[in-house]
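This report refers to the structure that appears directly beneath it.
Any read-out appearing in this document is the output of simple, stated calculations on the displayed coordinates, not a laboratory observation. No experiment lies behind these values; they were computed from the predicted model shown. Heads up, the Cβs are rebuilt from the backbone with ideal geometry, glycines too, and the neighbour counts pull from every protein chain shown.
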């Protein structure tokens with residue numbers, strides 16, 4: 001089996017009517033993590049959850065989309081609708097897509113896209129320092145100076161200056 005160069009990014013649809021029909025058909029299951037749509041292909045089960053993106057090869061992705069189809073409305077004349085949708089594709093070895101780059105430079109606290117890493121660092125330091133203050137305990141006593149470390153009568157050679 002070879003690796004496909006075209007990869008698809010798939011997710012569970014956000015369309016409430018399609019999700020309602022999938023629940024009516026008992027295709028949506030529930031476990032400890034929440035609801036998911038299980039689809040089996042080639043002996044492997046793919047679990048699609050709301051808000052999660054799966055990346056698979058193009059032929060597998062197309063088969064998963066076809067397998068997630070549900071008939072909307074009347075079963076005799078209703079239209080097919082896919083429960084899994086493609087949100088993008090990319091070629092292996094090609095530079096990262098702009099939408100992926102935006103995730104790297106987006107503030108995790110307020111979801112502001114800063115566009116560059118230095119801007120993100122400045123934004124985090126200026127806007128969200130108090131949000132993370134509880135993660136870094138304050139020092140209880142100040143660091144000692146040279147006189148306290150080497151003694152009051154330490155000479156210049158001991159301190160390393162010439």
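Would it be correct to say that residue 22 is under 30 Å from residue 129 (Cβ atoms) and surrounded by 11 or more Cβ atoms within 10 Å (Cβ to Cβ)? Break it down into steps so the answer makes sense when it comes.
Details: under 30 Å from residue 129 (Cβ atoms): no; surrounded by 11 or more Cβ atoms within 10 Å (Cβ to Cβ): yes.
No, not satisfied.
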* Asked: Here are 39, 87, 3: which of them is surrounded by 14 or more Cβ atoms within 10 Å (Cβ to Cβ) and in contact with a strand residue (DSSP E or B) (Cβ under 8 Å, 6 or more places away or on another chain)?
  -> 39
